[in-house]
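*Asks:* Just passing along the structure, written as structure tokens.
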Amino acid sequence: MPKLLLINPAIKKTVLGNTRATTWPPLNLPYIAALTPPHYDVQVIDENIEPFEFRNADVVGITAMTSSVFRAYQIAQHYRSRGIPTIMGGIHVSMMPDEALEFCDAVVQGEAESVWVQLLEDLESGRLRRKYRGDWQDLDNLPLPRRDILKNSFYNWGSIQTSRGCPMDCTFCSVTAFNGRRFRRRKVNSVIQELKQIPQKKILIADDNIIGHGRRDREWTKIFLKKVIDLRLKKIFFVQSSLQLGEDPELLRLAAAAGIKVALIGMESVNPASLQAYKKFINLKHFHENRYTELIKNIRKTGIAVLGAFLMPDDNDTKAVFDATRHFIQSTGIDIIQTTKPTPLPGTQLWNTLMKDNRIIDTDFPKAWQEYRLSRLVYEPKKMSRQEAYQGFTALREIYYSWPKTIRRTLNTLWTTRDPITTLIAYRINASYRKAFFESDHFRQYRTNCS
């Protein structure tokens, strides 16, 4: 029985800290395992929960994001140098296939499910090609992912995906390039069947937007939530959504009843010029209608904590954006924050623009990819220096994560959501981000003693 070893390399330096609070099992490798012919012995190494140790194998498959791809290349070389066929895939490799082929034998560009069986047949017959390109498939043609290959007890959260693709085409996001602009969704019953198989009580729904992008998608979400309620699955969910979640009272009622406790909302910026530059037009509409506070309040008062994700500085931002963002967070009662820097990931419009304008500072790739982990500026902003940006970030988070602010925020979450479980989850996620921040090089270098 040939051995297939699938590897998920770690991001050695992360902005998330405590992996028990913020690490979810990968979904791509269990999907690949489910499509692998039964005569293979499939094993997985997820370096986020266990240290990498060389295991012998007949073929190796490695996935990677941009922030982890340098580590992925190191692992690939371990196997390729021993004559073991090494295949790489994932979003970074899909955008930079020729770079990846310097370290492996073949690459899969795009969604691998449509070409994986053919790739293995080619390998077995000695006809392995250098490049394979996956199609954007109907998701109902996919098998259920094989979670039996994972060390499930190490993951505090489970994960599931109900859709792929996004029509929004934000300048900083590579989802459109990888999964396409057409929003594709699975049948509700298939999702429910998979949910019943997930051992964890807490589950990340890994869709980029749980409510989708139109009336039909929103109705799908309502049907799904009603099924969860009727079947009494009693799961706790973390979802990603647009701010439009707060516009629909029935949807919010169903979401809370089904067990959604945290919704990550891509706020991105409090500067309308930056929202315009990001092509975040939904948020820009709400901003001009002065509805941010109302919609956030609607979500929170149903018992769902809001995790506001902010991306700054944009080229339109001055140093004032950090204080403005902090005041916005405090005034709206956002329960958790995720603050990252615009990162020109390959495949994004931001990458194309900055490369064209020769603004990327370190182009010593692939080593330089280690800095592409959303916590570093890899180019100079137009209206402030990188050092000024780091100082602004540090001051914002130093105040936000101070103990007085943390206690007040936690009590506010409990008071508004009226849900102790929501409050506890929000506190733990905040604590994970807080831990990562206070252990970071940026805190040691730029701290202002506000904490």
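Rule-based calculations on the coordinates, nothing more; no lab input. Keep in mind that this is a model prediction, so the values were computed, not measured. Cβ atoms come from the backbone with ideal geometry, glycine included; neighbour counts cover every protein chain shown.
*Asks:* Given all pairs of different Cα atoms, what value in angstroms does the Kirkwood hydrodynamic radius of region 251-348 take?
*Replies:* On the way: mean 1/r = 0.0702 Å⁻¹.
Every distinct Cα pair counted, the radius reaches 14.2 Å.
*Asks:* Using a Förster distance of 30 Å, how high is the FRET efficiency between residue 53 and residue 129, based on the Cβ-Cβ distance and rounded to 0.05?
*Replies:* Step by step, r from the Cβ atoms, then E = 0.50.
*Asks:* Please grab the % of Cα pairs in region 143-297 that end up more than 20 Å from each other.
*Replies:* Here the long-distance tail beyond 20 Å is 53 percent of all Cα pairs in region 143-297.
*Asks:* Of the peptides 334-343, 386-395, how do they stack up when ordered by the mean number of other Cβ atoms within 10 Å, highest first?
*Replies:* Result, highest mean Cβ count within 10 Å first: 334-343, 386-395.
*Asks:* Further question on the same structure: Find how much the distance from residue 231 to residue 151 grows on full extension, using 0.36 nm per residue of separation minus their present alpha carbon separation; answer in nm with one decimal.
*Replies:* Here the answer is 26.1 nm.
*Asks:* Another question about this same structure. Hey, how many Å between the Cα centroid of region 318-373 and the Cα centroid of region 248-303?
*Replies:* So the separation of the two Cα centres works out to 21 Å.
*Asks:* In addition: Quick one: putting +1 on the C-beta of Lys and Arg, -1 on the C-beta of Asp and Glu, what dipole do you get for the chain around its Cα centre, in Debye to the nearest 20?
*Replies:* 1420
*Asks:* Looking at the chain, what % of its DSSP beta bridges pair antiparallel, to the nearest 5?
*Replies:* Here the share of antiparallel DSSP bridges comes out near 5 percent.
*Asks:* Could you tell me the extents of region 96-215's C-alpha atoms along the three principal axes, largest first, rounded to whole Å?
*Replies:* Cα extents, longest axis first: 43, 36, 26 Å.
*Asks:* From Cα coordinates alone, what are the radius of gyration and Dmax values for region 325-451 in angstrom?
*Replies:* Considering region 325-451 through its Cα atoms, Rg and Dmax are 17.1, 51 Å.
*Asks:* Okay, next question. To the nearest 10 degrees, how steeply does helix 320-332 sit against the main Cα axis of the chain, on a 0 to 90 scale?
*Replies:* Between helix and principal axis, roughly 80 degrees.
*Asks:* How far, in degrees from 0 to 90, does helix 403-417 lean away from the longest principal axis of the Cα atoms of the chain, to the nearest 10?
*Replies:* Once rounded, the angle reads 90 degrees.
*Asks:* Compute the length gained on full extension between residue 327 and residue 187: take 0.36 nm times their separation in residues and subtract their Cα-Cα distance, giving the result in nm to one decimal.
*Replies:* 46.2 nm
*Asks:* From the cross-link list 196/435; 187/435; 235/297; 235/285, which pairs have alpha carbons spaced over 30 Å apart?
*Replies:* Values: 196/435 33 Å; 187/435 39 Å; 235/297 24 Å; 235/285 34 Å.
The pairs that break the limit, which is 30 Å between Cα atoms, are 196/435; 187/435; 235/285.
*Asks:* About its Cα centre, what dipole magnitude does region 205-361 give when the only charges are +1 on Lys and Arg Cβ and -1 on Asp and Glu Cβ, stated in debye to the nearest 20?
*Replies:* 540
*Asks:* Can you tell me the alpha carbon radius of gyration of region 210-289 divided by the globular rule-of-thumb value 2.2 N^0.38 Å?
*Replies:* Scaled against compact globular proteins, the figure is 1.23.
*Asks:* Still on this structure: Placing +1 on the Cβ of each Lys and Arg and -1 on the Cβ of each Asp and Glu in region 112-174, which of 153, 168, 142 has its Cα farthest towards the positive end of the resulting dipole?
*Replies:* 153
*Asks:* Roughly speaking, what is the centre-to-centre gap between region 401-420 and region 141-176 when only Cα atoms are used, to the nearest Å?
*Replies:* Their Cα centres are 30 Å away from one another.
*Asks:* Dividing the Cα convex hull volume of the chain by residue count, how many Å³ per residue is that?
*Replies:* In the chain, the Cα convex hull volume per residue is 135 Å³.
*Asks:* Positive end of the dipole of region 1-127, charges at C-beta (+1 Lys, Arg; -1 Asp, Glu), about the Cα centre: which of 114, 42, 74 has its Cα farthest in that direction?
*Replies:* The listed residue farthest towards the positive side: 74.
*Asks:* Report the charge-dipole magnitude of region 326-451 in Debye, nearest 20, computed about the Cα centre from +1 at each Lys and Arg Cβ and -1 at each Asp and Glu Cβ.
*Replies:* So the magnitude is around 280 debye.
*Asks:* I would also like to ask the following. Hey, any idea what Rg/Rh is for region 153-200, computing Rh the Kirkwood way over Cα pairs?
*Replies:* Ratio of gyration radius to Kirkwood radius for region 153-200: 1.11.
*Asks:* Looking only at Cα atoms, what is the convex hull volume of region 327-394 per residue, in Å³?
*Replies:* Each residue corresponds to 121 Å³ of Cα convex hull volume.
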